[in-house]
Every structure is written in C-alpha cells, then in structure tokens.
Amino acid sequence: MFHRMTANQKRLWGVGAAVIGIGSLIKFGYFYVSRDIIVNNLRDRDKNAREYLKESREFSEWAKQDREKRLKHKLTPEQKEQLQQYLLMVAESDKDVYPYETKAMRNKLEGRS
C-alpha cells in the first residue's frame, strides 16, 4: 500500500507519524517530570509531618510530666470514674465534636464496672 502512494501522500504520512512521535515524547517527558515533582513533594511533606509528629510527642510527654509535677493530689478511683462519666456525657451531648469517641468511651467504662 505504501508503495502505491504519491510522494505528497508519503510526505504527509511521514509528517503525521513525526507529529505523533514527537507528541508522545513530549507527553512522556511531561508525565515523567510531573511524577518526579509529585514524588519529591510527597517525600518532603512526609519528612515535615514526621518531624512535627516527633515534636508533638516530645511536647506531649513534657506536658504530661509538668502536669504531674503540679498536681497536688492524685485522683481516687471513684473520682477517676466520675471524670470519665462526665467526659462521656460531654461527648454524647456534642456529637459534632465527638462523632466516634462515645462508643469507645462507653465500652471502656462498661469494662471497668
């Protein structure tokens, strides 16, 4: 079939093939570069998130120790139970703020009883 075409038709097919080939190369290059940018961005975000998490855990530990140092009296088991019941009551009254915690809190309280 290609042998029976005129020179202009062959040239037209050659130009079409070149356009498709160059377009494919550009598309491949674009997606290769954009993938690299996305992967690097995710890697940086993960690194920053891990650093922030580490700082948060360190602060949490420091805050826990600080609270325990300033605490004059330890809570009795009865006071702990009352505090947990109060927190459950607050969580149940505001479902928008605590949509999932109430079930776990209730199971925890029932497990103690």
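The values are calculated or read from the model by the stated rules, or taken from the named source; none is laboratory data. Keep in mind that what you see is a predicted model, and the values were worked out from it rather than measured. Neighbour counts are summed over all protein chains in view; Cβ atoms, including those assigned to glycine, are modelled from backbone coordinates with ideal geometry. Keep in mind that these areas ignore ligands, DNA and RNA; they rest on the heavy atoms of the full protein, side chains included. Shrake-Rupley method; radii C 1.70, N 1.55, O 1.52, S 1.80 Å.
Scanning segment 75-113 for residues that are open to solvent by 70 Å² or more (accessible area, probe 1.4 Å), hydroxyl-bearing (Ser, Thr, Tyr) and assigned to a helix (DSSP H, G or I) returns 86, 93. Looking at 31, 2 in this structure, which one is aromatic (Phe, Trp, Tyr), free of Cβ contacts under 8 Å to residues at least 12 places away in the same chain and exposed (fewer than 10 other Cβ atoms within 10 Å of the Cβ)? Among 31, 2, only 2 is aromatic (Phe, Trp, Tyr), free of Cβ contacts under 8 Å to residues at least 12 places away in the same chain and exposed (fewer than 10 other Cβ atoms within 10 Å of the Cβ). Filtering segment 62-74 to residues that are open to solvent by 90 Å² or more (accessible area, probe 1.4 Å) and within 27 Å of the chain's Cα centre (by Cα) leaves 62, 64.
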